[in-house]
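Peer 1: To start, I am sharing the structure in question, which I have written as structure tokens.
The numbers here are math on the coordinates, done by the rules we state, and not lab data. Source: prediction; values computed, not measured. Quick reminder, even Gly has a Cβ in these numbers, built from the backbone with ideal geometry, and neighbours come from all protein chains shown.
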Amino acid sequence: MKKIIAILIVIFSAAILSAQNKASSQWAMFHQAAEQDIHSAAKQYKALGNVKWKFKTNGKIFSSPAIVNDIGYIGSGDGCLYAIDTKSGKQHWKFKTGGPVHSSPAVYKDVVYFGSFDGYYYAIDAVTGKQKWKFRTGGEKWMGGLSYWGMKPEGIYMDDFWDYFLSSPIVDRQDERLTMYFGSSDGYLYAVNAGDGTLKWKFAANGIIHTSPVLNNGVIYFGAWDTYFYAVDAKTGKEKWKFKTGGNMAMSGIEASAVVENGLVYFGARDGYMYALNADKGSIAWKYDAENSWILSTPVISDDVLYVGTSDSYLLLALEAQTGVEKWRYKTNGYVFSSPTIAGGMIYFGDFTGKMNALDLASAGKKASEFSTESRKQHAATVLKNDTLNFMYTAKDADLSLYPANKKVMDEFYKLGPIVSSPAIKNGVLYFGSADGCFYALNLTE
């Protein structure tokens, strides 16, 4: 078994020494463009081409785009949700909130739903950008704690550097009324009337919920930072079952959202495992050892193969969906937190060095193309070691028992324009956001 590398080794060791489905509404709501291409595109190689356009915001983008009716909707750390014309790359409108928008938007008919770190979930008119309603949670925050992971200075509250996501809503028609489901940092999963924003029910977990819920056969599935994965009745909000993952300091919690297919619910955790559970009872079907790497990305399944990214081993994994047996792996240049998207026999995903990858599935990833952000091109030579993320190299001689020293390394990494956003594809164009603040549209070429 490989040792924990990069940030996990560094922070954990320093602390001792000093003693983030087709049947799922989630998929349908904000990956609808990609799903259309999955079924319609011929299975031929489509490489990453030139930049069609890029739109600059004033904050890091961790939100994933929704592409509907020639408009791309995406959130930014500058506190705005943007509506961008996909043909021209010009702003159609923007809606300002009071906090970073790291939630990915869900679009139903002419309404866009999303959450903000200001503590509200919003319903916005998709055409005009005007607010229809907003719902107040008990407050949104990043995961963290006093002297987090034992770092200094003691007694200071520290945010988790790797907590990128805010729960993204899903919308479902239930009993002739639309219901929106989402999690919150206040530890509740909410069911809200999507028409007027009134509360239907809320379910209490024992920790922050930054995962996005998935709905299948009347059951909501989601994970929380309390290390538990939950199944909740979508109508009543009553718990059906819960499953505990591992918990050991840095190797603890669930940031990755789930996918449900063929009676199994699949999700990754920060304990270093990928899980497949029986969707009805929560019993374990299999788990895959990710070699001391977190799994923050949401898996995607195609032709009975599950694809998911890992953190410290820098991998995209291809696993047999029914057994968890590894079929092949593809090594990238950095953490893979971006959830992959499949279209036309290709899989697309970003990595933390600011690179978008495109792999041909028929070749098991041996045929590939890549795109680097301008930020990566500018800073790779000074930030990366041999073009690869290396925490110790970037830290140089810094005292990594200190929280500010770790933050400085992360600030260096962010110069690369890391891609945590998951791509959407429509009409031969791939869309994604980057921590360099840009919303990109790339042409795909045969």
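Peer 1: So if we plug the beta-carbon distance of Asn390 and Thr323 into 1/(1 + (r/R0)^6) with R0 = 45 Å, what FRET efficiency do we get, rounded to 0.05?
Peer 2: About 0.85, to the nearest 0.05.
Peer 1: Compute the length gained on full extension between Lys367 and Asn262: take 0.36 nm times their separation in residues and subtract their Cα-Cα distance, giving the result in nm to one decimal.
Peer 2: 34.8 nm
Peer 1: Using 0.36 nm per residue of separation minus the Cα-Cα distance, give me the extension gain between Lys408 and Asn443 in nm, one decimal.
Peer 2: Roughly 9.1 nm would be gained on extension.
Peer 1: Only sites in a loop by DSSP and with at most 16 other Cβ atoms within 10 Å count here; which GluC sites (Glu not before Pro) in region 122-201 make the cut?
Peer 2: Glu154, Glu176
Peer 1: If you add up the charges near Ala398, with Lys and Arg at +1 and Asp and Glu at -1, over every other residue whose beta carbon is less than 13 angstrom from its beta carbon, what do you get?
Peer 2: 0
Peer 1: Would you order Tyr45, Tyr82, Tyr108 from fewest to most other beta-carbon atoms within 10 Å of each residue's own beta-carbon?
Peer 2: By the 10 Å Cβ count, ascending, the order reads Tyr45, Tyr108, Tyr82.
Peer 1: Using only C-alpha atoms and all pairs of different ones, pull out the Kirkwood radius for region 6-445 in Å with one decimal.
Peer 2: 21.4
Peer 1: Which whole-Hz couplings ³J(HN,Hα) result when phi for each residue of region 142-147 is put into the Karplus expression 6.51 cos²θ - 1.76 cosθ + 1.60, θ = phi - 60°, listed in order with x for Gly and Pro?
Peer 2: Values, residue by residue: 7, 5, x, x, 5, 6 Hz.
Peer 1: Output the peptides 93-99, 120-126 sorted from most to least packed, where packing is the average of other Cβ atoms within 10 Å over each peptide's residues.
Peer 2: My ranking of the peptides, most packed first, is 120-126, 93-99.
Peer 1: Which lysines have a Cα less than 20 Å from the Cα of Lys130, not counting those fewer than 8 places away in the same chain?
Peer 2: Within the straight-line cut-off, Lys130 pairs with Lys90, Lys94, Lys96, Lys109.
Peer 1: Given the peptides 312-318, 296-302, arrange them by the average over their residues of other C-beta atoms within 10 Å, most packed first.
Peer 2: 296-302, 312-318
Peer 1: Read phi for every residue in region 219-226 and hand back ³J(HN,Hα) as whole Hz from Karplus 6.51 cos²θ - 1.76 cosθ + 1.60, θ = phi - 60°, with x for Gly and Pro.
Peer 2: Residue by residue, region 219-226 yields 10, 9, 10, 6, x, 9, 5, 6 Hz.
Peer 1: Report the calculated FRET efficiency for Gln91 and Ser283 (r = Cβ-Cβ distance, R0 = 56 Å), to the nearest 0.05.
Peer 2: 0.70
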